[in-house]
């Protein structure tokens, strides 16, 4: 199985993919852009994709909501990965000898206390966490380190100078396994133990329409666990809403879908799957 991820090998998406598919019978296919990940999925260059959808501290990955809506893709599974940020340098480097640390801006922000306590270290944004370690190892400069996952250190041969430097240990990212929606019933099936459905819907631009849509979900006893809004391109102040609904009986998922379809001009099911718990 070929699994597409956004980012360099050794990224947190890479780590999540290996946890989803632990038997080793997968090939990780890294892409620079998330749009390329979904294109690879849609054109058959990848059998599945693993994408982050939300971080417990930084919030949702808005681009991935948009891509789920616009591509022939559906969520198959989800998991929660504890994000452990590590300071990674070349073998033999020391924290005291560092003059610069590079990483993705979100990773840098989540390690602010560690970095602020070391004012001699210059902080510089980089495009990717794992990519920062790749850069450090290519340059072999003992004065520069990256912040990334343990997997990045393994992938590029870096040395973990300090482990778990994140400010908040309650740092988790939800990841989805995504497959082509047209493959449902062929190469994969909806999990019989699914207890969560993700939906996208649009409403008419009239007062009270969102409240009415949510009331319809409440009437059937749907447990609405999340709602996000994204702007509709080219239509100012109009939005697509994304909701996650938990349920105990499969009939509730069907009722939630039917309730929105009867009220909204556009409804798309993004997937039914088992909710992940830590």
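So the values come out like this:
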| read-out | value |
| --- | --- |
| Which listed residue is surrounded by 19 or more Cβ atoms within 10 Å (Cβ to Cβ) and in a loop (DSSP other than H, G, I, E, B), from 115, 98 | 98 |
| In the range 126-144, the residues that are in contact with a helix residue (DSSP H, G or I) (Cβ under 6 Å, 6 or more places away or on another chain) and over 16 Å from residue 11 (Cβ atoms) | 144 |
| Residue list for the range 3-26, restricted to those being modelled with pLDDT of 95 or more and over 13 Å from residue 52 (Cα atoms) | 3 |
| Among residues of the range 244-258, those that are assigned to a helix (DSSP H, G or I) and surrounded by 15 or more Cβ atoms within 10 Å (Cβ to Cβ), counted | 5 |
| In the range 101-111, residue farthest from the chain's Cα centre (by Cα) [restricted to those that are more than 17 Å from residue 8 (Cα to Cα) and crowded, with 19+ Cβ neighbours inside 10 Å] | 101 |
| Answer residue from the range 37-65, given it is assigned to a helix (DSSP H, G or I) and surrounded by 16 or more Cβ atoms within 10 Å (Cβ to Cβ) and is nearest to the chain's Cα centre (by Cα) among those | 64 |
| Test: residue 20 is crowded, with 16+ Cβ neighbours inside 10 Å and either more than 15 Å from the chain's Cα centre (by Cα) or within 26 Å of residue 277 (Cβ to Cβ) (or both) | yes |
| Residue list for the range 1-36, restricted to those being in contact with a helix residue (DSSP H, G or I) (Cβ under 8 Å, 6 or more places away or on another chain) and in a helix (DSSP H, G or I) | 12, 14, 15, 18, 34, 35 |
| The range 210-243, residues that are without any contact (Cβ under 8 Å) to a residue 12 or more places away in the chain and assigned to a loop (DSSP other than H, G, I, E, B) | 233, 234, 235, 236 |
| Given (1) without any contact (Cβ under 8 Å) to a residue 24 or more places away in the chain; (2) buried (at least 17 other Cβ atoms within 10 Å of the Cβ), index of the condition residue 26 fails | (1) |
| Complete set of residues in the range 234-253 that are out of contact with any strand residue (DSSP E or B) (no Cβ under 8 Å at 6 or more places or on another chain) and more than 18 Å from residue 264 (Cα to Cα) | 234, 236, 248, 249, 250, 251 |
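The values are calculated or read from the model by the stated rules, or taken from the named source; none is laboratory data. The structure displayed is predicted, hence computed values, not measured ones. Cβ sites come from the backbone with ideal geometry, for glycine too, and all protein chains shown count toward neighbours.
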